Amino acid sequence: MNDVILLPEVRDFLSRGHAHFIGGEFRSGASGHRIPVFDPATGEVLAHVASADPRDIDAAVSSAKAAYHGAWAQTLPYQRGVILNRFADILEQNGEGLAQLESVCSGKSIHLSRAFEVGQSAMFLRYYAGWATKINGETMTPSFPSIAGERYTAFTRREPVGVVAGIVPWNFSVMIAIWKIASALVTGCTVVIKPSEFTPFTLLRIAELAIDAGVPAGAFNVLNGDGTVGQGLIAHPDISKVSFTGSVPTGLAVGSSAMLANLTRVTLELGGKNAAALLEDVDVDQAVAGLVQTGYVHQGQVCAAPERVYVHRSRLDEVMGKVSAALAGLKIGSPLDESVQFGPLSNRAHFEKICHYFEIARKEGRIICGGKALGGPGYFVEPTAVLAGSPADRLLHEETFGPILCFLPFDSDEELLQLLNDSPYGLAASLWTNDLSKALRMVPRIEAGTVWINMHTFLDPAVPFGGIKKSGTGREFGTAFIDDYTELKSVMIRY
Ligand code: NAD
C-alpha cells in the first residue's frame with residue numbers, strides 16, 4: 001500500500017454528520033432519514049448522508065429565491081466576477097483535501113481528482129468569472145414606417161432566469177457541479193445542486209468554501225438524496241430552470257417532469273456511445289496512446305469517452321496488438337496510490353452492470369484482453385478490449401460507461417460514416433488521420449455535438465459542449481450557456 005496519507009481535515013470532514021447546505025449553513029434533514037455512502041475501493045460504508053424530504057426541498061429553494069431577489073441581485077457584475085475568481089483561488093488553496101475526499105468517495109485516481117476536480121474546476125470558474133461584466137443585450141432600430149412622424153428604438157436585456165436546479169451524476173461530481181454553479185451565479189441566478197447519492201461529500205465541503213469566497217448565503221445550496229429528491233426539486237414551483245447531467249432514461253424523465261411542472265426550461269447533458277474512427281493512414285502509436293488515455297481514464301466512466309472504435313481493416317491487427325500491450329501495462333489499484341493508473345468502478349450497481357457487459361461481450365464477440373472482475377474487496381474490473389462479432393453487437397450500441405472499448409473493422413469511408421451514425425446517441429466522435437482534407441469533409445456528415453480530430457475527450461471552457469439525438473439538448477461553455485441561464489427581454493421606446 002502506497003496510499004497518500006489522508007489529511008486530518010479530510011478525516012474530520014468524513015466523520016461529520018452530513019446533511020444539506022442551505023442558506024449558508026449545514027442543516028440536518030427534516031425527516032432524519034440517512035443513506036449510506038460506500039468506499040468503492042473497499043466496498044465498506046464510508047459515512048452516511050441525509051436524504052431530503054419535501055420540507056428540505058422547500059427550505060433550499062426558498063433560501064435560493066431569497067438570495068436571488070436579495071443579496072445576489074444587489075451584487076454588481078464586477079463583484080460577481082471577483083467572487084467567482086476568489087472561489088477558484090480558494091478551491092486551489094484547499095485542493096489536496098478536496099482531491100483526497102473526492103478520490104475516497106468516487107474511486108477516481110488522486111491524480112485525476114487533483115487535475116480535474118480541483119484544477120480544471122478552478123479554470124472553469126475563472127472562465128465564467130470573465131463573463132460577469134460582458135453579459136449584455138443589443139440595440140436595434142425597428143423597421144415599421146412612421147405614421148405621424150414618430151420614431152422607435154428598441155433594446156434587449158439579458159435577465160437571469162431565477163432559481164436553477166442543478167442535478168449532477170457521480171462521475172465528475174465536482175467539475176460538473178461547478179459548470180452549473182458558475183453558469184448560474186455569473187448570470188445572476190442562484191442555484192440548488194443535487195449531487196449524486198453515490199458521491200455527495202466533496203460538494204458539501206465546497207459549499208462551505210464558497211461562503212469563504214464571498215458567495216452570499218443562499219445563493220448556492222446543496223440538497224442530498226436520490227432521484228426522488230431530484231424529482232421533488234424539479235416539481236417545485238419556484239424553480240425556473242433545470243440543468244441536468246446524467247443518463248438518457250433519467251434525462252427523459254427529467255425533461256418531461258420539467259415541462260409538466262411549469263414549462264420549466266431544461267438543459268440535458270446525457271449519455272453517449274462515442275465513436276473513434278482510425279482511418280487508413282492513421283498514426284497508430286498516436287491513436288492507441290490517445291484511445292487508451294481517454295477510453296480508460298477514470299475506468300471509462302466519462303460521458304464523452306470513446307466506447308466504439310472503427311479501424312480500417314488494413315490496420316486492425318496492428319491496433320489490437322498495441323492496445324493489448326498498453327492495457328497490460330496499466331497498474332490497477334487504490335485510487336489514493338499515486339503510482340496507480342486504473343482504480344475501482346464507482347459503485348456496486350455500476351460494477352454489476354459492467355460485469356454483465358463482460359458476459360455479453362463473451363457471447364457476441366471476442367475479448368482481446370481483460371473481461372473479468374478482479375477478486376477481493378472493492379469494485380475492481382479489468383480494462384477491457386473487445387473485437388465485435390458484427391455491426392449489430394450490443395456493445396457497439398449500448399452505453400456501458402465503463403472500461404470496455406469495442407472494435408470493428410471497416411473497408412470504405414462511406415461504410416465508416418454509416419457506422420458512425422448508426423447510434424441513437426450523438427455526444428462526441430473522433431477521427432484519427434493525417435488527411436485533414438478528408439476529415440474536414442467528413443465532419444458535417446457526423447451526427448455528434450463535438451468532433452475531435454487526432455484527439456478525444458478534450459473539454460475547454462471556450463468551446464461549447466453538448467449532445468444531439470438522445471445525448472441531450474442545450475450546450476455548456478462558450479457563449480452558449482448565456483442563452484440557457486438568461487431570459488431575453490425586449491424593450492421598445494416610441495419617441
Ligand atoms: P443518473 O441519470 O442515474 O443520475 C444522475 C442524477 O440524477 C443523480 O443525481 C440522480 O440521483 C438523479 N436522478 C435519478 N433519477 C432522477 C429523477 N427521476 N428525477 C431527477 N433526478 C434524478 O446518471 P449517473 O449514473 O449518475 O451518471 C452516469 C450517466 O451520466 C451516464 O449515462 C453518462 O454518460 C452521463 N453523463 C453525461 C455527461 C454529459 O455532459 N453529457 C457528463 C457526465 C455523465
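The values are calculated or read from the model by the stated rules, or taken from the named source; none is laboratory data. Computed from a predicted structure; not experimentally measured. We place every Cβ from the backbone using ideal geometry, glycine too, and count neighbours over all the protein chains shown. These accessible areas exclude ligands, DNA and RNA; they are computed on the full protein's heavy atoms, side chains included. Shrake-Rupley method; radii C 1.70, N 1.55, O 1.52, S 1.80 Å.
Quick notes on this one:
- Take the conditions (1) within 16 Å of the ligand (Cβ to nearest atom); (2) in contact with a Phe, Trp or Tyr (Cβ under 6 Å, 6 or more places away or on another chain); Y310 misses just one of them, which is (1).
- V284 falls short of the stated requirement of being modelled with pLDDT of 95 or more and either polar (S, T, N, Q) or under 26 Å from S471 (Cβ atoms) (or both).
- Candidate set from segment 250-264 (those that are surrounded by 20 or more Cβ atoms within 10 Å (Cβ to Cβ) and not β-branched (V, I, T)); member that is nearest to the ligand (Cβ to nearest atom): G251
- Among the residues making up segment 449-478, those that are away from the ligand (no atom under 13 Å from the Cβ) and touching a residue at least 40 places away in the same chain (Cβ under 8 Å) are N454, M455, H456, P461, A462.
- R441 being surrounded by fewer than 21 Cβ atoms within 10 Å (Cβ to Cβ), more than 15 Å from the ligand (Cβ to nearest atom), of a type in the set (K, R) and touching a residue at least 12 places away in the same chain (Cβ under 8 Å): no
- Positions within segment 115-142 being open to solvent by 50 Å² or more (accessible area, probe 1.4 Å) and either of a type in the set (D, E, K, R) or touching a strand residue (DSSP E or B) at 6+ places or on another chain (Cβ under 9 Å) (or both), in sequence order: R126, K134, N136, E138, T139, M140, T141
- Failed item, numbered, when F155 is tested on (1) crowded, with 24+ Cβ neighbours inside 10 Å; (2) among the aromatic types (F, W, Y); (3) in a strand (DSSP E or B): (1)
- Of everything in segment 409-419 that is open to solvent by 10 Å² or more (accessible area, probe 1.4 Å) and in contact with a strand residue (DSSP E or B) (Cβ under 7 Å, 6 or more places away or on another chain), the residue that is farthest from the ligand (Cβ to nearest atom) is P409.
- Residues in segment 221-249 that are within 9 Å of the ligand (Cβ to nearest atom) and within 18 Å of W179 (Cβ to Cβ): G230, L233, V242, F244, T245, G246, S247.
Here's the yes/no breakdown for (1) within 17 Å of A219 (Cβ to Cβ); (2) among the small types (G, A, S); (3) assigned to a helix (DSSP H, G or I):
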{"residue": "G130", "(1), (2), (3)": "no, yes, yes"}
{"residue": "S146", "(1), (2), (3)": "no, yes, no"}
{"residue": "A165", "(1), (2), (3)": "yes, yes, no"}
{"residue": "P169", "(1), (2), (3)": "no, no, no"}
{"residue": "A177", "(1), (2), (3)": "yes, yes, yes"}
{"residue": "V192", "(1), (2), (3)": "yes, no, no"}
